[in-house]
Structures are given as C-alpha cells and as structure tokens.
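All of the numbers you see were taken from the coordinates with simple rules; none came from a lab. Since this is a predicted model, take the numbers as computed values, not measurements. Cβ sites come from the backbone with ideal geometry, for glycine too, and all protein chains shown count toward neighbours.
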Amino acid sequence: MTKRDTRQSIIEQASELFYQKGYNLTGINEVIAEAGIAKATLYSHFKSKEDLCLAYLEHRHEAFMEKIKEFCEGKPKGAKQIIAIIEFLQPFYDSKEFNGCWCIRMVAELPKENKKVKAMIRKQKAGFLAFIQQLIEDNMPDKKPKEQKQLARRTYLLYESAVAESHLHGEDWPIHESLKMLKEICQ
C-alpha cells in the first residue's frame, strides 16, 4: 500500500468511527486497530488527533459536496435543482449510517477554545451556502441578487434544520416539512 493509500485508509476508518461513535468516544488506539496499522504509522501521517479530525472533516465535506452537486445537477434546470437540495436528504436519512450532521456533532463535542476545527467547519458551511447561492443564481436568473441571497439562506436553514431535527426525532417528517416549505418559497 502506498503512503497516500495508507493515509486515505486511516482517514476513512477515523471518519466512520468519529461519525458513528463521536470524536471524544473514539480513541486513537481504536483508529489504529481499525486501520490495521502501527501507532508510528498513524503519527507519521497525523501529528495529533486534532489533525486527524481536520482530515476527517475535509474528507466528509468533499464527499458530501460531490454527492449533493451530482444529485442536484441530475434534476431538470430551474426550481427542481434547488428543491433537490432537500430531496437529497431522504436517501441520506434512509441509509443505515445516518447519524445527523457530522459538523454539528463535532462542534458539540469540542471545547469552545478549539478555534482550528471550528474555523474549518465554518468554512465548510460557508462553502455549502455558496454552492446553494450559485445553484439559485444559475437556475433562477430572473430573481434579483438580494432575492437570490435570501432564498439561498432560507434553503440552507431548511436543510440544516431538517438534518438536525430528523436526527433528533429519529423520523423523517422534518425533511418532508422542509421540502414543502422550500417548494412554496421557490414558486
């Protein structure tokens, strides 16, 4: 296995453990055991658990952005591509691995002094909001820039609340209600 493959394997194992068990409940030794590597190998790729956390967040975000872009762009142009942002949640919720938003889970586990990880999460959320904004600009060019920005923010909030509340309640009604609201505001 190449050095790059080893690093990726460590990130993937940590990603699965951090998302399912939580960052604080996942020890470095557990990541090492799951990845089938020596402790020295882990530390040759990551200086600390925090560095591994940052790689985990980056890995999750890149995979998420790739999947949601593909899902939305697979819909017909216009409002349907914007509505797809919420529709994307149903298969995510239905998957056996659904455990809410990995960013919010991470923020909840970290002390507020941890600025590095929180800065990355804010950057990723800003990137997601920028994606929504661009999707709206591309699919609703007749709206004024102020209206596009407002719709982007509302869509973002509907998405985020649907993820959080579906996870909290263990039911998908928040996704359905968010979808109805987004359809109404996209008219």
Hey, rough spin-label estimate for residue 99 and residue 140, points 7 angstrom out along Cα→Cβ, what's it come to in nanometres?
3.5
What angle, in degrees between 0 and 90 and rounded to the nearest 10, separates the Cα long axis of helix 145-169 from the longest principal axis of the Cα atoms of the chain?
50
Which aspartates and glutamates, if any, have their Cα less than 16 Å from the Cα of residue 149, not counting same-chain residues under 8 positions apart?
137, 138
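Remind me, relative contact order of the chain in percent, using alpha carbon pairs under 8 angstrom and six or more residues apart? Kindly include the intermediate steps, with their values, before the conclusion.
Numbers: 147 pairs, mean separation 42.4, N = 187.
The normalised contact order for the chain reaches 23 percent.
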Taking 0.36 nm per residue of separation between residue 184 and residue 80 and subtracting their Cα-Cα distance, the length gained on full extension comes to 36.2 nm
From DSSP H assignment alone, runs of 4+ in the chain each adding -39500 (n - 2.57), the sum over residues rounded to the nearest 500 puts [θ] at 222 nm at -25000 deg cm²/dmol
Any idea how far the Cα center of region 31-76 sits from the one of region 101-143, in Å?
17
Answer label, with Rg and Dmax of the Cα atoms in Å calculated from the coordinates and candidates (i) 18.2, 57; (ii) 16.5, 50; (iii) 15.0, 43:
(i)
Approximate spin-label separation residue 16-residue 171, in nm, with each point projected 7 Å along Cα-to-Cβ
3.2
